[in-house]
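The values are calculated or read from the model by the stated rules, or taken from the named source; none is laboratory data. Here the structure is a predicted model, which means the values were calculated and not measured. Don't worry about glycine lacking a Cβ; one is built from the backbone with ideal geometry, like all the others, and counts go over all protein chains shown.
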Amino acid sequence: MASQEDMKATFRPKPLIRRVPLDVSGMDELAKSRRGFDTEWLITNGLGGYASGTVGGVNTRRYHGWLIAALPAPYGRTMMANSLLERFYIGEEQFILNLEDFVPQQQAASRSETADPVLSIANPTRPYLQEFRLEMGLPVWIFRIADALLEKRACMVHAQNTTYITYTLLEGDGRLEVHPALHVRPHEGALQGPPHTHYRFAAVDQGFELCVSEDLPILKFAWHGDQSGFHMGTEQIANLRYRVEQSRGYDWQGGLWSPGSFTAELSAGKQASLTLSAEEWERVHALTPTEAFALEMERRRRLLQAAPEVAREGFAGELVLAADQFLITPIGRTADQVRAHAIGDEVRSVIAGYHWFTDWGRDTMISLEGLTLSTGRRREAEYILRSFASYIRNGLIPNLFPEGTTAGLYHTADATLWFFHAVDRYFAITADGEMLEFLLPKLLDVIHWHLRGTDFGIGADPSDGLLRQGAVGYQLTWMDAKVGDWVVTPRRGKAVEINALWYNALRLTAEWLEMVGDRSGDRSRLVEQADLAYASFQRRFWNADLNCLYDVVDSPEEKDGQLVNPHDDPSIRPNQVIALALKYPVLAQEKWKAVLEVVKNELLTPVGLRSLSPHDKNYKAKYDGDLLTRDAAYHQGTVWAWLIGPFCNAWLRTCPNDTSSLQSFLKGFEQHLDEDGVGTISEIFDAEPPFIPRGCMAQAWSVAEVLRCKLLIEQERVQSRTI
C-alpha cells in the first residue's frame, strides 16, 4: 500500500490559470491604454531566447517578437520573426485582430499613424479581445469576431529556437490569414530597414525558408491546417512606431517586410498552426504543434511537481513558473561546455531580466536560492555554482557577459561576495559536502585576493579590516547607473552592504574550514580578520544623528581623475538592511530595531524598498523620460522589488514569528502579476503611488526574492504550529 509520502510524490498539481481583467467599460482612458499597450506576455526557451509582446498585439518595444533566437557568439540573441498581422474573414467581411488596427478611421489614416490606439470592446460587430489568460504560464487569447470565437495560443520548445502559434476556431466558420512581418537583426540592432533586397524567401519540401545571409541560420516556416496555403505578395511596412522605445529616448521608428500570407479555412473545432524556427528541419518536424504544446505543458507540470508542496498552486506556483524563465544554458560558450561535460556537469546561468539583460554574476547569486533551491531545482543550483567557480579571475566572478560574447566583464565589488552567500544557502539546503570541498579552495583563493587587493581598487584596508573599492570611471556596487562618463552613484570607499557581505564571507569560510578540517591554518587568520572588521564596522558605520547606518564611509570625491577628500555618506538607502539580513550579521543586535525602523518608515513600499529616502535632496519620485533622466533616478528613489528579500530576512531576525507583517509586505506583488509582465515581477517601480512598474518587465531577482520570502513565511507558519 502506498505511503502518504508516496501519495504526495505522485500528486498532480492543478493547472495554474491567470486571467487578465479586460473589462474596460469602467476604466479611464489611461487605464485602457495601459491594459492594451503596457501589459506584456513572455515565453522563453531555456537558452536565453524568447517570444514576447503586448496583450493587445501591438509591438511597443524593439524587443517584441515571436522568435528572438539565442544564437552562438558572435551573434547572441537575434530578432528572427517580429510581427504577425492577423486577419479573419467571414464571407467577404474582413476583421483585423491586431489591436493597433482598432483605431477609428477618423483618428488614423494608416497603420503607420503614430497616435496611440485604445482597445475597444464596445461594438460586438468588430473583433475584440474577449479574454487573455496565462495557462500554466503560456499565453492564450480569445477573440470574439461577430458570430465566431477564435482562440490563439503560443509556446516555445524548451532548449530550441522554435515558436509555435496555434489558432483554434471555437465557434463559427471563416478564413484565417496570417502575414509574417520581418526584420532579421541583432537584438540591439538598428530598427531602420530591413535590407530586404538581400532576403530570399522560398518554398521547400518541408515548408518555407527565409535566408538573410550566409552566416545566420535560415528562418523556417511551417504552416499546418485544413485547406491551407501560402499566397505570395511581398509588402513593405514603413514608419512603424515603437512607442515605449520613443518614450525612453531610443531608436523608435523602423520598418518590416512581409513575404505574403498563410491562409486556412476554419470551422468550429478546427486548427491552424504556424511554426517559426531557427533550427534544422529535422528538429522542426520532430514534433507536431499539438505535441509541442502538450510536452511543454507536461514540462511545466513537472516544475510544479518538483517544487515544495506550498509552492505548487496560487501565487507561489505562478512564481515557480516565472522563475523558470530565467534559468538558461548559455548558448555558444563552447569551451565552457566542453570543460563541464568532461566531468559530467552542465553549464547553467541566469538571465538577469527580460528583455535586454544578459546573465549577470550579482543577479545570479542573489537569485540562486529563489530560482533554484526554493523551486526544488537543486541540480541546477549546483551547475550554476560550478559554472561561475570556473569563471573566477583574480578573486572575482564576472559582473556580466555581454550579448554575443564568450568572455565576462569583471567590474564588480559585490558579485563575488554574494557568491559566498549563494554557496551558504546551497549547502544549508542540500548538505552537499562534496560540492563544498570542491568550492572551498576557490573560495579561499578569493579571500586571499581580497586581503592583498585585486582589480578596481577592491581590497581590505589593513588598518581596520573593512573592504574598500573604487576606481575612476567605474560603478562597482549594485547601484551601478552610468551615463557616458558620469557615474551617478559611484559609492567608492567602504560601502555598507559590501562590508556586510565581506564579514559574512569571512565567517562562512572560517566555518567551512572548521567543518572539513583546516590543515592550512587559514581559519584562525580569517577569524581574526572577521573580528577586526566587525569591531571596525560598529565604530565607523553607526550614524548617531540619524539612528541608522552610513551608506559609505571613507568615500572619496573624483577630481581631475583622482580620488580625494574622503568623507562619510549619510544617505538613507536600503543597503544598510543587508547588514542584518545575512547569516552572520555584521551589525550588533542592539542596533537592529533602530535600523529596521528607519528603513521601514523611509523606504518601504507595497512593491519593495526605495533606493533613497524621500527626504534626500537627490530623491527622484519617478523613473521616466530619456536615458539620462532615467539613470539619474535609477538609484535615487526608484523602488527595487528584490530588496524586499533582505528586508524580510532582517524583519524576521528582529521580530521573530511576526509572519503577519511579512505577509503584508508581499501583498502588492500579488496584484502586480496583472500589471506589467503578466505572471511575473518587474525590475523597478516609481517611488510614489501608484508605483508604476518600470524597467524590465520580468526580473530574475524580483521573482526569486518574492518567491523565497513567500516560502519563508509558509515555513515559519508551519514551525509555529508545531511548537
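Does ASP432 qualify as being under 18 Å from LEU513 (Cα atoms), in contact with a Leu (Cβ under 6 Å, 6 or more places away or on another chain), among the acidic types (Asp, Glu) and in contact (Cβ under 8 Å) with a residue 24 or more places away in the chain? In short, no.
ILE142 satisfies every condition listed in (1) aliphatic (A, V, I, L, M); (2) closer than 30 Å to TYR75 by Cα; (3) surrounded by fewer than 21 Cβ atoms within 10 Å (Cβ to Cβ) except (2).
Scanning the stretch 398-412 for residues that are assigned to a loop (DSSP other than H, G, I, E, B) and under 20 Å from the mean Cα position of the chain (by Cα) yields PRO398, ASN399, PHE401, PRO402, GLU403, GLY404, THR405, GLY408, THR412. Looking across the stretch 694-719, the residues that are surrounded by fewer than 24 Cβ atoms within 10 Å (Cβ to Cβ) and either on the phi > 0 side of the Ramachandran plot or under 15 Å from the mean Cα position of the chain (by Cα) (or both) come down to ARG694, GLY695, CYS696.
Looking only at residues that are of a type in the set (Phe, Trp, Tyr) and modelled with pLDDT under 95 in the stretch 222-251, which one is nearest to ARG630 (Cα to Cα)? So the residue we want is TYR250. Restrict the check to the stretch 248-264 and report whether at least one residue is acidic (Asp, Glu) and either over 28 Å from the mean Cα position of the chain (by Cα) or part of a strand (DSSP E or B) (or both). Looking through the stretch 248-264, none of the residues is acidic (Asp, Glu) and either over 28 Å from the mean Cα position of the chain (by Cα) or part of a strand (DSSP E or B) (or both). Residues in the stretch 434-472 that are outside any loop (DSSP other than H, G, I, E, B) and either acidic (Asp, Glu) or at pLDDT below 95 (or both): GLU434, GLU437, ASP445, ASP455.
Candidates are the residues of the stretch 624-657 that are surrounded by fewer than 21 Cβ atoms within 10 Å (Cβ to Cβ) and among the small types (Gly, Ala, Ser); the one that is modelled with the lowest pLDDT is GLY625.
Every residue, every condition in (1) crowded, with 21+ Cβ neighbours inside 10 Å; (2) modelled with pLDDT under 95; (3) outside the structural domain of CYS548 (by TED's automatic domain parsing), yes or no:
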residue: PRO566; (1), (2), (3): no, yes, no
residue: PRO570; (1), (2), (3): no, no, no
residue: ARG573; (1), (2), (3): yes, no, no
residue: ALA581; (1), (2), (3): yes, no, no
residue: VAL586; (1), (2), (3): yes, no, no
residue: LYS600; (1), (2), (3): no, no, no
residue: LEU612; (1), (2), (3): yes, no, no
residue: ASN618; (1), (2), (3): no, no, no
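Residue check: is THR275 crowded, with 22+ Cβ neighbours inside 10 Å, more than 23 Å from VAL678 (Cα to Cα), at pLDDT 95 or above and hydroxyl-bearing (Ser, Thr, Tyr)? When the stated conditions are applied, THR275 passes them. Taking the criterion of being in contact with a helix residue (DSSP H, G or I) (Cβ under 7 Å, 6 or more places away or on another chain) and buried (at least 19 other Cβ atoms within 10 Å of the Cβ), the residues of the stretch 524-543 that qualify are LEU526, GLN529, ALA530, ALA533, TYR534, PHE537, PHE541. Residues that are outside any loop (DSSP other than H, G, I, E, B) and out of contact with any strand residue (DSSP E or B) (no Cβ under 8 Å at 6 or more places or on another chain) within the stretch 581-603 comprise GLN589, GLU590, TRP592, LYS593, LEU596, GLU597, LYS600, ASN601, listed in sequence order. From the residues in the stretch 672-686 that are surrounded by fewer than 24 Cβ atoms within 10 Å (Cβ to Cβ) and modelled with pLDDT of 95 or more, which one is nearest to PRO308 (Cα to Cα)? So the residue we want is LEU673. From the list ALA428, ALA422, the lone residue that is surrounded by 19 or more Cβ atoms within 10 Å (Cβ to Cβ), small (Gly, Ala, Ser) and under 21 Å from PHE388 (Cβ atoms) is ALA422. Taking each residue of the stretch 585-608 that is closer than 19 Å to VAL706 by Cα and looking for partners that are of a type in the set (Lys, Arg) and surrounded by fewer than 20 Cβ atoms within 10 Å (Cβ to Cβ) with beta-carbon atoms closer than 7 Å, six or more apart or interchain, yields PRO606/LYS667. Looking for something of a type in the set (Ser, Thr, Tyr), under 19 Å from the mean Cα position of the chain (by Cα) and in a helix (DSSP H, G or I) - is there at least one such residue anywhere in the stretch 283-292? No; the residues of the stretch 283-292 include none that is of a type in the set (Ser, Thr, Tyr), under 19 Å from the mean Cα position of the chain (by Cα) and in a helix (DSSP H, G or I). Entry remark, the stretch 302-317: residues being under 27 Å from LEU274 (Cα atoms) and crowded, with 18+ Cβ neighbours inside 10 Å number 1 in total. When residues in the stretch 207-239 are screened for being under 21 Å from LYS152 (Cα atoms) and surrounded by fewer than 15 Cβ atoms within 10 Å (Cβ to Cβ), 3 of them pass.
Of all the listed residues (THR416, THR489, THR454, THR477), the sole one being more than 22 Å from PRO574 (Cα to Cα) and of a type in the set (Ser, Thr, Tyr) is THR454.
Of all residues in the stretch 329-381, those that are in a helix (DSSP H, G or I) and of a type in the set (Lys, Arg) total 4.
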